[in-house]
Amino acid sequence: MPARPSGNNKVKGAETMREKWITKEEIEHIAQLAHIELTEEEKEVFTEQFNRILEFFRKIDEVDAGSIPPMYHVLDIVNVYREDEVGETLPKEGVLENAPKKEERFFKSPRIV
Amino acid sequence: MSTPRIHEMCAVEFADKIRRGEITAEDYIWSIINRAKSVDGKINAFITMASEEALEKARDIDRKIARGEKIGRLAGVAVAVKDNICTFGIRTTCASHMLENFIPPYDATVIRRLKKEDAIIIGKTNMDEFAMGTTTETSYFGPTRNPWNLSKVPGGSSGGSAAALAADEATLALGSDTGGSVRCPASYCSVIGLKPTYGSVSRYGLIAYANSLEQIGPLAKSTVDCALLLSVIGGYDSYDSTSVNMPIEDYFRSFTSDLRGLKIGLPKEFFDEGVEESVKKHVWSAIHKLEDLGALYEEISLPSLEYALAAYYIIAMSEASSNLARYDGLRYGYRIDHDDADYSRVYAKNRRVGFGAEVRRRIILGTYALSAGYYEQYYLKALKIRMLIRREFESALKKFDALAGPTMPLPPFDIGEKINDPLTLYMCDILTVPANLTGYPAISIPCGFEGDLPVGMQIIGKPFDEKNLLEISFAFENNTDFAKRKPGLQ
């Protein structure tokens, strides 16, 4: 991990528009959670862009939606059950065909431990 | 009147001719392939052409006809398919480096249904990467150009599908619409594009971006073609848990040009200061045309629309962050060659190189909106606003048969003009996202030209009332010439 530049990225409360809603450190943290590497230059650009986008998102703060239920989905979906019957499946070769790395009949993952 | 060249024909016209033995599927497919060869260097509508497979299938159909066998409703018709819809054996890239070499081992349900009716997949069309965009500029394979003016965007994210139709490189096309991605390019390329009611077309085999919002939808050069394509792809599918069991109709069999008594609501928010005057002018004259045909209109207000765009983007990004978590480069997709590195760093690298900037932006912002401490402020609040908007639409559509307004707030703009400013680009979706938030069907109909640039009118209908939208489109198309015009493309 490259060392973080010190001093120029204060937490919230700095309240400059640049980092009003999200700081560069927070973006680094979230990107890590999402498993996305960012270049230093990208972090700078995203910090500026994200703050403008979040500023726009905060427009929803104007709405008093206290008693309104959230709408997770447009349909009134209920769980559907079916018999546990074996259906048609893809052949093994078909499943492995797109794997960038494989060994015998397995996907090959990077080292975990 | 001059007869259209072979590749200019509508699907319904071609279906007639092939049945009467006036044309062969092979001659027609050659005509489409040659057209694509001569113009696609300028347009870049296709990521992959499937010419060989298409010709083979065309010969099959010609043999079937020669033997007097029964042929499907779309026999021989060249369909361009957006590259986020899985096609068995034909690579499906989502216009992303991540899936550059992905060859699906199965067909999406809509593709199975097309094949059952003997349609021919002519190629896979360009799009914004993972359908995240409004201009088809974020494609890993370069932008698509608007056939009406090559310096302009074709709209997005299904820009390749709409441009392929406008340039006569295909006869029908499929797109997907998460926040306007069928209707926007339909409007910008002057073709008809419909987003069906959520649940009416199977999403099985559609590579997910924001699954509570998106639907696969038909694009076509005429309303009748659009209706025919919808009737082929629509209907219940047990492979999609959100598929709704509704009967599918041959919508176009009963079209009339009579709109007497039709009640249209015009939300004033669709005509506010964010919409360019030139667009308003053309849409208003289209509305007066509908009035001439017997429709009645009334201006109304849907006050929560003001919050639709923010709510939409919060929900779409949140769902994207979850849906795109599957791209780790193990089972498929881009994988960097660092076996010894720590697994989480391998994933993070795969996803940095494999995804373009807009995709990364949306995944990270979506992860943020769902993260502890922010969930209630962003995601949950957006879902509540979604409910408010749905209620307003519900009550408006009790009083009116349909709602109308422009599809896009401005005419097609220059390639490169807005791409470096994400927020400005998001604003272009302001009129299309409500139909995705509510799940209601909506259609974009060519309704005018500002200079050489197309303008589209959007009609939003009641759930599962696609027939009414197509009826309005049919009446309008029959009494105007906008959908019949061709770009001056050499």
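Values for this structure:
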| read-out | value |
| --- | --- |
| Residue list for the range B:300-353, filter: within 30 Å of B:Asp272 (Cβ to Cβ) and either free of Cβ contacts under 8 Å to residues at least 40 places away in the same chain or among the small types (Gly, Ala, Ser) (or both) | B:Ser301, B:Ser304, B:Glu306, B:Ala308, B:Ala310, B:Ala311, B:Ala316, B:Ser318, B:Ala320 |
| When residues of the range B:317-337 are limited to those that are more than 7 Å from chain A (Cβ to nearest Cβ) and touching a Lys or Arg at 6+ places or on another chain (Cβ under 7 Å), the one farthest from B:Glu358 (Cα to Cα) | B:Ile336 |
| When residues of the range B:263-292 are limited to those that are open to solvent by 30 Å² or more (accessible area, probe 1.4 Å) and outside any helix (DSSP H, G or I), the one modelled with the lowest pLDDT | B:Glu273 |
| Residue match in the range B:58-74 (condition: assigned to a strand (DSSP E or B) and under 28 Å from B:Ala163 (Cα atoms)) | no |
| Single unsatisfied condition, A:Ala99 versus (1) open to solvent by 40 Å² or more (accessible area, probe 1.4 Å); (2) farther than 23 Å from B:Ser238 by Cα | (1) |
| Odd one out for B:Glu471, checked against (1) buried (at least 24 other Cβ atoms within 10 Å of the Cβ); (2) within 14 Å of chain A (Cβ to nearest Cβ) | (2) |
| Every residue from the range A:18-46 that is closer than 13 Å to B:Pro422 by Cα and open to solvent by less than 50 Å² (accessible area, probe 1.4 Å) | A:Phe46 |
| The range B:73-117, subset over 19 Å from the mean Cα position of the chain (by Cα) and open to solvent by less than 10 Å² (accessible area, probe 1.4 Å), residue nearest to B:Thr242 (Cα to Cα) | B:Pro104 |
| Within the range A:88-99, tally of residues that are facing another protein chain (nearest Cβ under 10 Å) and either small (Gly, Ala, Ser) or not in a loop (DSSP other than H, G, I, E, B) (or both) | 5 |
| Hits in the range B:338-355 - residues which are of a type in the set (A, V, I, L, M, F, W, C) and more than 8 Å from chain A (Cβ to nearest Cβ) | B:Val353 |
| Of all residues in the range B:362-380 being within 7 Å of chain A (Cβ to nearest Cβ) and outside any loop (DSSP other than H, G, I, E, B), the one that is nearest to B:Ala310 (Cα to Cα) | B:Tyr378 |
| Residue in the range B:32-40 that is basic (Lys, Arg) and within 14 Å of B:Ala164 (Cα to Cα) present | yes |
| Extreme residue, nearest to B:Lys486 (Cα to Cα), among residues of the range B:41-54 that are part of a helix (DSSP H, G or I) and in contact with a helix residue (DSSP H, G or I) (Cβ under 8 Å, 6 or more places away or on another chain) | B:Ile43 |
| Residue count for the range B:236-270, restricted to those that are within 12 Å of chain A (Cβ to nearest Cβ) and touching an Asp or Glu at 6+ places or on another chain (Cβ under 6 Å) | 1 |
| So B:Leu380, is it aliphatic (A, V, I, L, M) and without any contact (Cβ under 8 Å) to a residue 12 or more places away in the chain | yes |
| Number of the condition not met by B:Gly329 [criteria: (1) open to solvent by 20 Å² or more (accessible area, probe 1.4 Å); (2) not in a helix (DSSP H, G or I)] | (1) |
| Single condition B:Gln458 does not satisfy, out of (1) under 26 Å from B:Arg360 (Cα atoms); (2) part of a strand (DSSP E or B); (3) of a type in the set (S, T, N, Q) | (1) |
| Elements of type helices (runs of 4 or more DSSP H) in the range B:381-446, at least 3 residues being of a type in the set (A, V, I, L, M, F, W, C), at the interface with another protein chain (Cβ under 9 Å from one of its Cβ atoms) and open to solvent by 10 Å² or more (accessible area, probe 1.4 Å) | none |
| Boolean, B:Glu358 is more than 8 Å from every other protein chain (Cβ to nearest Cβ) and over 21 Å from A:Gln32 (Cα atoms) | no |
| Close pairs (8 angstrom Cβ cut-off, 6 or more residues apart or separate chains): acidic (Asp, Glu) in the range B:201-223, assigned to a strand (DSSP E or B) anywhere | B:Glu214/B:Ser176; B:Glu214/B:Asp177; B:Glu214/B:Leu206 |
| Some residue of the range A:48-65 being more than 7 Å from chain B (Cβ to nearest Cβ), open to solvent by 40 Å² or more (accessible area, probe 1.4 Å) and of a type in the set (A, V, I, L, M) | no |
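A quick yes/no check of all residues on (1) within 28 Å of B:Lys152 (Cα to Cα); (2) of a type in the set (Asp, Glu):
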position: B:Ala11; (1), (2): yes, no
position: B:Arg20; (1), (2): no, no
position: B:Asp27; (1), (2): no, yes
position: B:Ile33; (1), (2): yes, no
position: B:Ala36; (1), (2): yes, no
position: B:Ile43; (1), (2): yes, no
position: B:Leu55; (1), (2): no, no
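The values are calculated or read from the model by the stated rules, or taken from the named source; none is laboratory data. Treat the numbers as computed from the prediction; the structure is a model and nothing was measured. When we count neighbours, we look across all protein chains shown, and the Cβ atoms used for this are built from the backbone with ideal geometry, even at glycine. Ligands, DNA and RNA are stripped out before the accessible areas are found, and what is left, the full protein with its side chains, is counted by its heavy atoms. Shrake-Rupley method; radii C 1.70, N 1.55, O 1.52, S 1.80 Å.
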